[in-house]
Each structure stands twice: as C-alpha cells, then as structure tokens.
C-alpha cells in the first residue's frame with residue numbers, strides 16, 4: 001500500500017491516496033512557515049522528526065482512550081492514516097499564557113492560567129486568517145454540531161491531561177497546543193493532523209528554554225536541535241533524560 005495520487009499539500013505535510021480509499025499516506029515536509037505563511041524557511045530533518053514524534057504521541061493517546069487517525073509508520077517521513085472528514089475548526093488548548101493569548105488578555109508570557117486548560121476554537125479559513133470563534137459563532141457557521149463540539153472539547157481536555165503528565169515526566173512543560181479532529185467512515189470522531197513542535201509549545205522545565213517552532217518564528221537559532229531534543233525525550237522513559 002503505497003502513496004499514489006497527491007490529494008493535498010499543506011505547509012507541513014503532503015497527503016496521498018493509497019489502494020484503500022479509507023487509508024491515506026501522510027508525508028511530513030522539512031519546510032516551515034510562520035505568521036500565516038509570511039515567513040518561510042526550512043528546518044533540516046523536520047519531516048523525519050515530526051513523523052516520529054507524532055507517531056509516538058498518537059500511540060500514547062490511543063492507549064489512553066483518544067481515538068486517532070494514526071495506523072502505522074511506513075517511512076522516515078511517512079505514516080498511514082485513516083481518512084477523516086475534518087471539522088473546519090482548530091482546537092487550541094492552553095495551560096500557560098503565550099503567543100497571541102498574551103496580546104488578547106494582557107498577560108505576560110509564562111503566566112499560568114487560573115482556569116487551565118483553556119480551550120479555544122479557530123475557524124479554519126486562510127482567507128480570513130483563521131479567526132478565533134466563540135460558541136455562538138460556531139453555531140452560526142454550522143461548522144460542527146453541538147454533540148461533536150462537546151466530544152471534541154472533551155477529547156481536547158483528555159489529550160491535555162495525558163500529554164501534560166507524559167511531558168512533565170520527561171522534563172518538559174506543555175504550554176499550549178493545536179489539535180484538529182474529524183470523522184472516520186463509521187462516523188466516529190478521531191484526532192487527526194499531527195502533534196509535534198510545529199503544533200505545540202514545549203519549554204524545558206529546568207531552564208525555560210523553548211523547544212518548539214517559536215525558535216523559528218522568533219529567529220532564536222538552534223531550531224533543529226530543539227526538535228531533536230523533543231524527539232529524544234518522547235522516545236525516552238520517564239526519569240532517564242539528562
């Protein structure tokens with residue numbers, strides 16, 4: 001079962017069809033973008049690292065009761081995934097103030113959120129700049145029905161609980177992250193896309209060093225090293241990271 005027709009190419013991944021119409025090949029790229037595509041570049045070996053990190057975390061979440069689209073890793077940069085009809089909503093889960101949230105509510109970066117985790121909803125529309133939506137907006141746009149919104153929000157919180165504990169045991173603070181969900185052929189809601197330093201903010205617990213795409217966004221340097229460090233930690237057992 002190999003990739004055949006290119007179905008979609010995004011900023012970080014290419015999706016191909018396979019011999020099975022319900023299974024796709026998702027191939028990770030080394031290209032990187034920020035600020036709605038205004039900044040572009042390449043992070044060497046990012047495709048390999050994000051593929052491995054995502055596979056490890058999807059496997060972890062499946063065991064914890066979060067259904068995902070992940071099936072198996074088939075190459076350094078490629079994984080087989082279930083075909084999902086994706087919701088036109090991005091779910092951002094926040095534990096600590098960072099990024100755009102600081103500008104919106106006036107918190108200094110690094111401020112723990114009193115009501116964490118905060119779950120935000122963003123409309124997936126490049127032309128509109130993926131705006132933040134409230135629940136009434138979601139109902140107006142009818143991009144996800146109330147039952148599915150409740151389920152995806154519940155799963156977002158479960159993902160946060162599992163990943164916070166997992167990363168804390170490996171010396172990493174899970175600051176915030178983006179999730180995408182969709183429905184499989186049976187109508188079941190599943191987590192899709194990826195979980196990686198592209199979509200999460202990771203800070204070293206001891207030093208506060210950023211180990212994610214903010215190093216690319218802010219021209220901080222050592223980008224590849226940060227991604228490699230996250231791969232090393234997710235591949236390790238608790239307490240073995242030095």
I'd like to know if region 145-152 contains one or more residues that are closer than 21 Å to residue 13 by Cβ, in contact with a strand residue (DSSP E or B) (Cβ under 8 Å, 6 or more places away or on another chain) and modelled with pLDDT of 95 or more. yes
Which members of region 181-210 meet the condition of being in a loop (DSSP other than H, G, I, E, B), farther than 27 Å from residue 238 by Cβ and more than 14 Å from the chain's Cα centre (by Cα)? 184, 185, 186, 187, 188
Looking at region 137-148, is at least one residue part of a strand (DSSP E or B) and either in the same structural domain as residue 52 (by TED's automatic domain parsing) or under 30 Å from residue 125 (Cβ atoms) (or both)? no
Subset of region 1-47 (residues that are without any contact (Cβ under 8 Å) to a residue 40 or more places away in the chain and assigned to a helix (DSSP H, G or I)): 47
Just checking, does region 79-96 include any residue being closer than 26 Å to residue 149 by Cβ, out of contact with any strand residue (DSSP E or B) (no Cβ under 7 Å at 6 or more places or on another chain) and buried (at least 17 other Cβ atoms within 10 Å of the Cβ)? no
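The values are calculated or read from the model by the stated rules, or taken from the named source; none is laboratory data. Quantities reported herein were computed from a predicted structural model and do not represent experimental measurements. All Cβ positions, even for glycine, are placed from backbone atoms using ideal geometry, and neighbour counts span all protein chains on display.
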